[in-house]
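**Student:** Dropping a structure here in structure tokens format, bear with me for questions.
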């Protein structure tokens, strides 16, 4: 890289393509951040092991494919269930004892992530594995004039929106969702109305982990599967959550905006520099809007 | 600090005595005829201990969970790497070889100041400090707290990591800079395998530790701990919380900066691994295992955990691979069961020793 080819001049076709890619990138970040948003928004827990839940989801899919010969699309719900069970166990054994010390959950979940990364490395080895995406058409690219986007990314965009809509429906259209929101607003009050807050937390954590599992199954097809892969998603996912303000709609908007910005910066410079500029921008942004893009006005826990 | 507790753990005199004994014992290591290679390993443990002290200061005492202590550490290390590299270069051969392979035909202007060792050292101390001051202002003036700080620092750390990785012509990218010669200053060459370097590292460690401890026992230290325990109340009492947080953040950053400089003197090597996320979190783990409210504990934990890691790696490949599993397990257990770490356990045990027949109700008085 020399200074001369650092700056890419503007040109309409590739730029529009970059805009479309930005949306799919935002969808990838949203997919990684969805579970995190639910867990943070409901429980105030910063789950540092979320990236590793994604990684476990990817390895679980890899295992289902190689050992069980299960087609990729069928792996998605199975990855959800598998990782949700893992999340439920982690909540039960660890998180549950730390609700009084929120910052310590961050540390404890980092311990979990160390154990998961190294455990997976001991079992599967450090070399990258591959998840086969079926049907085969998904591995092709969509071509329309100057737009050139892999079908898988479009599939992820659609799936992410569907999962976000599903999560919204659960939160706002079911009895379970009413309980979750009640606990979110005032845990003690909800508990005195007969809502089992412990159970709500357990289920929420399991659900958030399950979403990470699905994300892993898709990211496994998008890129390679390796023990450290979680680290590649976790920072962006966290930034989506904090810029959005820690709730579902905030995360949806902020992931779209951040994905777009990243894609535009990458177009003009390169992806690493874009990452740097974006992170610095977010730090400066949070200086002036510490509550994120969409601060929640109603009382929270 | 009313000195009413009978637990010897909380006795300030006993605490200073413990520190003097610790550094005294550590200072004797080279006199036992330790092999040069082993001595250099101990020298790097001193650097790790400094990083643990840094994490303990910012998180344990300041209540700021920074996962970005690698930022000042790495920036200082890169400045020091550049300084040492330029000591090797001559006016006839001004361009480091990695730049030539990256098709740079003249020394870039950001590298020019490092011709002069004094300027290089000033930059190694100054650049990270300026970054920490600006970053601290941005975060603490916005009254960000808790997990937000953790995420912001993590994001900045990652930003620096990718820059160090990507700016290959300036940083040698993934391979990193390995200056061929030992550091020279004031006509003295600091051999990384010598007991001189070990004593330098240990001396700086002792200096920053005792300096931190002195600071913590002052009124300033009391206010720092007060912002940790209840920032809102301190604000209501009319103090500027942001000021105390920024100072402790920059101070801890300065300790990490010194660690970064000494690391490159010890290892003659700097690479993007200095900015890696896990490394910055290990610093917090060392501080947590030792006891987040104890600098002494942080030092001991950093040394013991790194010693264990090296020893286990020597036994077999299997143990080396299992190490992170063990470390993760230790960390989870400490956070869950021993939130005040080994130092907290030690305090509990010391509580059984009664002095002068006084009541041994152990109220925590002076944090060690």
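**Student:** By count of other Cβ within 10 Å, fewest leading, how are A:37, B:257 ordered?
**Tutor:** On the way: A:37 28, B:257 31.
With the sparsest Cβ surroundings first, the list reads A:37, B:257.
**Student:** List the residues of the stretch A:80-102 whose backbone N lies under 13 Å from a point placed 7 Å from the Cα of residue A:196 along the Cα-to-Cβ direction.
**Tutor:** none
**Student:** Same structure again: Arrange B:88, A:285 by Cβ neighbour counts within 10 Å, fewest through most, would you?
**Tutor:** Details: B:88 13, A:285 16.
Listing B:88, A:285 from fewest to most nearby Cβ atoms yields B:88, A:285.
**Student:** Between residue B:243 and residue B:229, what is 0.36 nm times their sequence separation minus the Cα-Cα distance? Round to one decimal in nm. Let's see the in-between values first.
**Tutor:** Values: separation 14, 0.36 × 14 = 5.04 nm, distance 1.58 nm.
My answer for the length gained is 3.5 nm.
**Student:** Which FRET efficiency value, to the nearest 0.05, is calculated for residue A:281 and residue A:169 with the Förster distance at 45 angstrom and r the Cβ-Cβ distance?
**Tutor:** On the way: r = 33 Å, r/R0 = 0.74.
About 0.85, to the nearest 0.05.
**Student:** At 7 Å along Cα-to-Cβ for each site, give me the label-to-label distance between residue B:18 and residue A:101 in nm.
**Tutor:** Distance between the two pseudo-spin positions: 1.8 nm.
**Student:** For the stretch A:94-196, what relative contact order do you get, as a whole percent, if you take Cα pairs closer than 8 Å and at least 6 residues apart? Mind showing how you got there, number by number?
**Tutor:** Values: 41 pairs, mean separation 9.5, N = 103.
It comes to 9 percent, rounded to a whole number.
**Student:** Zone of residue A:19 (label point 7 Å along Cα→Cβ, backbone N under 17 Å): which residues in the stretch A:144-165?
**Tutor:** A:144-149
**Student:** Now for a separate question. If packing is taken as the average number of other Cβ atoms within 10 Å across a peptide's residues, how do A:126-136, B:65-75, A:176-186 rank, most packed first? Please report the intermediate quantities before stating the final value.
**Tutor:** Details: A:126-136: 14.3, B:65-75: 28.8, A:176-186: 17.7.
Highest to lowest by the protection proxy: B:65-75, A:176-186, A:126-136.
**Student:** Rounded to the nearest 500, what is chain A's calculated 222 nm mean residue ellipticity when only DSSP H runs of at least 4 contribute -39500 (n - 2.57) each, over all residues? If you can, show how the numbers build up before the last one.
**Tutor:** Numbers: 11 runs with 215 residues, N = 301.
Calculated at 222 nm, the ellipticity per residue is -24500 deg cm²/dmol.
**Student:** Follow-up. Using bins 5 angstrom wide from zero, how does P(r) for the stretch B:32-276 break down, in % of all Cα pairs?
**Tutor:** With 5 Å bins starting at 0, P(r) equals 1, 7, 13, 17, 17, 15, 12, 9, 6, 3, 1, 0, 0.
**Student:** Take the stretch A:15-67, compute every pairwise Cα distance, and split them into 10 Å bins from 0; I just need the percent in each bin.
**Tutor:** Taking all Cα pairs of the stretch A:15-67, the binned fractions are 22, 34, 29, 15, 0 percent.
**Student:** Only helical DSSP H runs with n ≥ 4 go in: add -39500 (n - 2.57) per run for chain B, normalise by residue count and round the 222 nm mean residue ellipticity to 500 deg cm²/dmol.
**Tutor:** Numbers: 14 runs with 243 residues, N = 368.
The helix-only estimate for chain B comes to -22000 deg cm²/dmol at 222 nm.
**Student:** Separate question: What's the ranking of B:317-326, A:241-250 by average number of surrounding C-beta atoms within 10 Å, highest first? Numbers along the way, then the final one.
**Tutor:** Working: B:317-326: 14.9, A:241-250: 22.5.
Top of the packing list down: A:241-250, B:317-326.
**Student:** Here is a further query. Report Rg (one decimal) and Dmax (nearest whole number) for the stretch A:152-301, counting Cα atoms only, units Å.
**Tutor:** Rg, Dmax (Cα atoms, Å): 17.5, 56.
**Student:** Under the definition of Cα pairs under 8 Å and six or more residues apart, what whole-number percent is the relative contact order of chain A? Could the numbers behind the result be given before it?
**Tutor:** Values: 461 pairs, mean separation 111.5, N = 301.
Relative contact order, chain A: 37 percent.
**Student:** Right, another one. Return B:166, B:314 ranked ascending by Cβ neighbour count within 10 Å, so the fewest neighbours appear first.
**Tutor:** On the way: B:166 19, B:314 9.
Least to most surrounded, the residues fall as B:314, B:166.
**Student:** Okay, next question. Could you sort A:61-69, A:202-210, B:334-342 so that the peptide with the highest average Cβ count within 10 Å comes first and the rest follow in order? Each step should come with its number before you reach the end.
**Tutor:** Working: A:61-69: 16.3, A:202-210: 24.2, B:334-342: 19.8.
Result, highest mean Cβ count within 10 Å first: A:202-210, B:334-342, A:61-69.
**Student:** Using a 7 Å offset from the Cα along the Cα-to-Cβ direction at both residue B:210 and residue A:142, what is the distance between the two label points in nm, to one decimal?
**Tutor:** With each label placed 7 Å out from Cα toward Cβ, I get 6.8 nm.
**Student:** At R0 = 60 Å, how high is the FRET efficiency between residue A:269 and residue B:8 if r is their beta carbon distance? Nearest 0.05 is fine.
**Tutor:** On the way: r = 60 Å, r/R0 = 1.00.
Efficiency computed from Cβ-Cβ geometry: 0.50.
**Student:** Right, here's the next one. When Cβ neighbours within 10 Å are restricted to other protein chains, what is their mean count per residue of peptide A:109-120?
**Tutor:** Values: counts 2, 12, 13, 3, 3, 13, 8, 2, 4, 9, 4, 0.
The per-residue average across the peptide is 6.
**Student:** As an exercise, take the mean of 1/r over every pair of distinct alpha carbons in chain A, invert it, and state the Kirkwood radius in angstroms. List each step's numbers first, then the result.
**Tutor:** Details: mean 1/r = 0.0501 Å⁻¹.
After inverting the mean inverse Cα-Cα distance, the result is 20.0 Å.
**Student:** Let me know the mean shielding of B:321-328 by other chains, meaning the per-residue number of their Cβ atoms within 10 Å of its Cβ. All intermediate terms of the calculation are to be shown ahead of the outcome.
**Tutor:** Values: counts 4, 3, 1, 7, 8, 3, 4, 10.
Across the residues of B:321-328, the mean count of other-chain Cβ atoms within 10 Å is 5.
**Student:** Turning to a different aspect of this structure: What FRET efficiency do you get for residue A:93 and residue B:105 if R0 is 41 Å and r is their Cβ-Cβ distance, rounded to the nearest 0.05? It would help to have the intermediate numbers written out before the result.
**Tutor:** Values: r = 59 Å, r/R0 = 1.45.
E between residue A:93 and residue B:105, to the nearest 0.05, is 0.10.
**Student:** Let me ask another. Whole angstrom only: what separates the Cα centroid of the stretch B:226-251 from the Cα centroid of the stretch B:322-337?
**Tutor:** Value for the Cα centre distance between the two parts: 32 Å.
**Student:** How long, wide and thick is the stretch B:1-135, going by the Cα atoms along their three principal axes, in whole angstroms, largest first?
**Tutor:** Computed over the Cα atoms, the extents are 69, 45, 23 Å.
**Student:** Note down the relative contact order for the stretch B:32-276 as a percent, whole number, built from C-alpha pairs under 8 angstrom at least six residues apart. Show your work: numbers first, answer last.
**Tutor:** Working: 351 pairs, mean separation 103.9, N = 245.
After rounding, I find 42 percent.
**Student:** Evaluate peptide A:284-291: per residue, the Cβ atoms of other protein chains within 10 Å of its Cβ; return the mean as an integer.
**Tutor:** Mean shielding count: 4.
**Student:** Also: Give, to the nearest whole percent, the P(r) tail of the protein assembly as shown beyond 33 angstrom, counting all Cα pairs. Don't jump to the answer; show the numbers that get you there.
**Tutor:** Working: 113864 of 223446 pairs.
Result for the distance tail: 51 percent.
**Student:** Does anyone have the angle between helix B:117-141 and the longest principal axis of chain B? Alpha-carbon axes, 0 to 90°, nearest 10?
**Tutor:** 50 degrees
**Student:** For residue B:117, project a label point 7 Å along Cα to C-beta. Then give me every residue of the stretch B:78-99 with its amide nitrogen under 20 Å of that point.
**Tutor:** Hits in the stretch B:78-99 for residue B:117 at 20 Å: B:78-96.
Since every read-out is calculated from the coordinates, none of them should be taken as a lab result. Just so it is clear, the model here is predicted, and its values are computed rather than measured. Virtual Cβ from ideal backbone geometry, glycine too; neighbours counted across all protein chains shown.
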